[in-house]
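Here the structure is laid out as structure tokens; the discussion comes afterwards.
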Amino acid sequence: MPFEQGPIRPPSEAESLLLRISRNCPWNKCLFCPVYKGKKFSRRSVEEIKGDILAFKEAELKIKALSMRHGYGGAVTTEVMELLYRSKPELFQVGLWLYRGGRNVFLQDADGLAMAPAKLVEVLKFLKEQFPSIDRITTYARSKTAAKRSVEQLTALREAGLTRVHIGMETGNDALLQAMCKGVTAAEQIEGGKKVKEAGLELSEYVLLGLGGRADWEAHILDTVAVLNAINPHFIRLRTLALRPGIPLLEKVQRGEFQIQEDEGTVREVKLLLENLRVTSYLASDHILNLLEEIEGQLPWEMPRLLAVVNTYLEMSPERRANFRLGRRLGYYRKLRDMEDKNLFAQVEVVRRRLQEQGEDLENFLVRQMARFV
Ligand code: SF4
């Protein structure tokens, strides 16, 4: 491909064009994070980034020309997508973006606000000039970086086209932030979040369930709630801690210094979170590692429904909870109501009994299943 691409984007940016404005993470020390370990942060110049934008533009022109040649009038239709898939795979990604409307762009990698604001303004303006169809541009950012920017700088980014910032706050507990080497304090998270909002940007804050382990889960959640209540972000997105070899936190687990939360524990964390949030945010549980995907809705008025989901799970018998956890982790279920499908339920029971017969510990099995998605 004639343009660079980083390794990740939020699930909510699945339909976005990915534009890499820097490589990897400028901090890269968080103990629970595997994404950029072993990779060095580097900045991309404005010229390099503009080169990628022009490569997207060239791809767009080629796709439209192909569409014209085949009688589709320049439109990116399903038929054009089939043609690209079969004969021009190098154009497929840009084609898919145009097919979905060509409206959303996500700026990679880990900290889009780390770029000098004036340079980022230049990039944003150029991007919108080349693709006037774009109406949403988002990026990941560290709250520490957001806190360092002035509201005026962030406002200039919004005026140039940036619309939303995704921040991984993980926890609002200072002791945990320090223990996990997050490199930020709760006060800085509040400052960064408030500035982003004051600049008129949308703000999405990510909470990492399980980060307090079994020992500190209540402090983790209550302090996280305090930060969220102070910021009142537009979106709160839940994530669940899972570890695989190579992630530094796993060494703490192996030394017995950190105990991974079981699913019951993370569901209790969600309950505590819900009971104490005083925000008007949209809450989403949009990740495969979260046990309860249906914890999604507008706060505060959907709070009773979300709490009902949590209580439904907690009030199930241990056998049914085990069935759901296994079914969820193996991909049979997405939501609690999927258990009502007798056929699916029976299939999961067969697997559960087989694991029991093999003497397999369910917790260990589930931890291994979750590690596949990290
Ligand atoms: S700041 Fe974000 S991307 Fe960087 S190491 Fe921490 S969690 Fe990972």
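What follows draws every value from the coordinates through simple rules; no lab data is involved. Treat the numbers as computed from the prediction; the structure is a model and nothing was measured. Every residue, glycine as well, gets a Cβ built from its backbone with ideal geometry; the counts of neighbours run over all protein chains shown.
Across the options L84, N28, A55, the greatest Cα extent toward the positive end of the charge dipole of segment 27-111 (unit charges at beta carbon of Lys, Arg, Asp, Glu) belongs to N28. Counting only cysteine Cβ atoms and a cutoff under 4.7 Å, the chain contains unmatched residues C25, C181. Placing unit charges on the Cβ atoms only, positive for Lys and Arg and negative for Asp and Glu, gives the chain a dipole magnitude near 920 debye about its Cα centre.
In percent, what relative contact order does the chain have, based on Cα pairs under 8 Å that are 6 or more apart in sequence? Write out the running numbers ahead of the final one.
Values: 626 pairs, mean separation 47.1, N = 374.
Relative contact order, the chain: 13 percent.
The spacing between segment 181-244 and segment 257-285, judged by their C-alpha centroids, is 11 Å. Pick from G51, G38, G192: which is most flexible by mean-square fluctuation in a GNM of the chain where alpha carbon atoms under 10 Å apart are linked? For the chain, modelled as a Gaussian network with Cα springs under 10 Å, the answer is G38. At a Cα cut-off below 16 Å, give the aspartates and glutamates reachable from K342, other chains included and same-chain residues fewer than 8 away excluded. Of all the aspartates and glutamates, those that pass the test against K342 - Cα under 16 Å, at least 8 places apart if same chain - are E319.
The calculated FRET efficiency for E15 paired with E315, based on their beta-carbon distance and R0 = 35 Å, is about 0.40. With a Förster radius of 25 Å applied to the C-beta separation of A371 and Q259, the computed FRET efficiency comes to 0.95. Taking the longest Cα principal axis of the chain as reference, the axis of helix 186-198 is set at about 40 degrees.
Pick from V35, V350, V207: which residue has the top mean-square fluctuation in a GNM of the chain where Cα pairs under 10 Å get a spring? Top of the fluctuation ranking is V350. For segment 28-167, a crude dipole built from +1 on the beta carbon of Lys and Arg and -1 on the beta carbon of Asp and Glu, taken about the Cα centre, is about 540 debye to the nearest 20.
Quick one: net charge of P300's neighbours, Cβ under 14 Å, K/R +1, D/E -1? Intermediate values should be presented prior to the final figure.
Working: positive: R278, R305; negative: E275, E302.
My count for the surroundings of P300 gives 0.
Highest mobility in the GNM of the chain, judged by mean-square fluctuation with C-alpha springs under 10 Å and restricted to E294, E264, E129, is found for E129.
In straight Cα distance, which lysines are under 29 Å from K29, not counting same-chain residues fewer than 8 positions off? Result set, ordered by chain and number: K37, K39, K40, K119, K144, K148, K182, K194, K195, K197, K252.
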